[in-house]
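Shown next, in structure tokens, is the structure this report addresses.
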């Protein structure tokens, strides 16, 4: 067994990649959840929903961007952003990236903590896959990591995805860089760098 020490102030995660190469049959799952396309979202409103969903799981990728970089990313015509809503309330976020030929990446897929585990995820995934599988698409893929919900791996497998690759990623702890509050991701301990 090989062990590698993670540098101070950093986190290590195992990233698992999943893919689907055939459009699944309709799921038959029913809920009042809808996916509404969020065209050219305001960056501050986008970040508020992104953080509401992702702080618990240490989502930080979009938080590293300047406002101009974020605006450019979320206004990219190849990226389709959807709000998951029920009774007029924003419950989640789905982002579909069509920038690669014949592929769709599900970049972000998440629900606010209040509704996790309450049956919305399956319906949201079924709707997301229906939007992802355009006529020209031959592959839908995504990745998750060990910072995500412990239910994520089984959820993606149940949705019809197959794992095909793993990587170890080391990055600065976003709670120590100030991109996330120190209490975010409470299931991952914060290890502050030693003072010399």
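Key figures for this structure:
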{"read-out": "Residue in region 170-177 that is closer than 30 Å to residue 25 by Cα and outside any loop (DSSP other than H, G, I, E, B) present", "value": "no"}
{"read-out": "Positions within region 103-128 being out of contact with any helix residue (DSSP H, G or I) (no Cβ under 7 Å at 6 or more places or on another chain) and closer than 21 Å to residue 75 by Cα, in sequence order", "value": "103, 105, 107, 108, 128"}
{"read-out": "Residues of region 178-196 satisfying the condition of being in contact (Cβ under 8 Å) with a residue 24 or more places away in the chain and either surrounded by 15 or more Cβ atoms within 10 Å (Cβ to Cβ) or within 14 Å of residue 60 (Cα to Cα) (or both)", "value": "179, 180, 181, 184, 185, 188"}
{"read-out": "Failed item in (1) buried (at least 19 other Cβ atoms within 10 Å of the Cβ); (2) touching a residue at least 12 places away in the same chain (Cβ under 8 Å); (3) within 16 Å of the chain's Cα centre (by Cα); (4) closer than 26 Å to residue 48 by Cα, with residue 152 passing the rest", "value": "(2)"}
{"read-out": "Which numbered condition residue 154 misses (of (1) closer than 23 Å to residue 98 by Cα; (2) outside any loop (DSSP other than H, G, I, E, B))", "value": "(1)"}
{"read-out": "Criterion violated by residue 134 - all others in (1) within 30 Å of residue 89 (Cβ to Cβ); (2) assigned to a loop (DSSP other than H, G, I, E, B); (3) out of contact with any strand residue (DSSP E or B) (no Cβ under 8 Å at 6 or more places or on another chain) satisfied", "value": "(3)"}
{"read-out": "From 166, 134, 151, residue being modelled with pLDDT under 95 and within 30 Å of residue 9 (Cβ to Cβ)", "value": "151"}
{"read-out": "Residue within region 30-40 that is buried (at least 18 other Cβ atoms within 10 Å of the Cβ), outside any strand (DSSP E or B) and either modelled with pLDDT of 95 or more or under 12 Å from the mean Cα position of the chain (by Cα) (or both) present", "value": "yes"}
{"read-out": "Residue 5 being outside any loop (DSSP other than H, G, I, E, B), loosely packed, with under 14 Cβ neighbours inside 10 Å, free of Cβ contacts under 8 Å to residues at least 40 places away in the same chain and out of contact with any helix residue (DSSP H, G or I) (no Cβ under 7 Å at 6 or more places or on another chain)", "value": "no"}
{"read-out": "Test set (1) in contact with a strand residue (DSSP E or B) (Cβ under 8 Å, 6 or more places away or on another chain); (2) under 30 Å from residue 8 (Cβ atoms); (3) at pLDDT below 95; (4) crowded, with 18+ Cβ neighbours inside 10 Å - residue 127 fails condition number", "value": "(2)"}
{"read-out": "Which listed residue, of 59, 141, is touching a residue at least 24 places away in the same chain (Cβ under 8 Å), in contact with a strand residue (DSSP E or B) (Cβ under 9 Å, 6 or more places away or on another chain) and in a loop (DSSP other than H, G, I, E, B)", "value": "59"}
{"read-out": "Whichever residue in region 68-108 is in contact (Cβ under 8 Å) with a residue 40 or more places away in the chain, surrounded by 17 or more Cβ atoms within 10 Å (Cβ to Cβ) and over 27 Å from residue 136 (Cα atoms) and, among such residues, is farthest from the chain's Cα centre (by Cα)", "value": "90"}
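The values are calculated or read from the model by the stated rules, or taken from the named source; none is laboratory data. This one's a predicted model, so the numbers in the text were calculated from it and none came from an experiment. Heads up, the Cβs are rebuilt from the backbone with ideal geometry, glycines too, and the neighbour counts pull from every protein chain shown.
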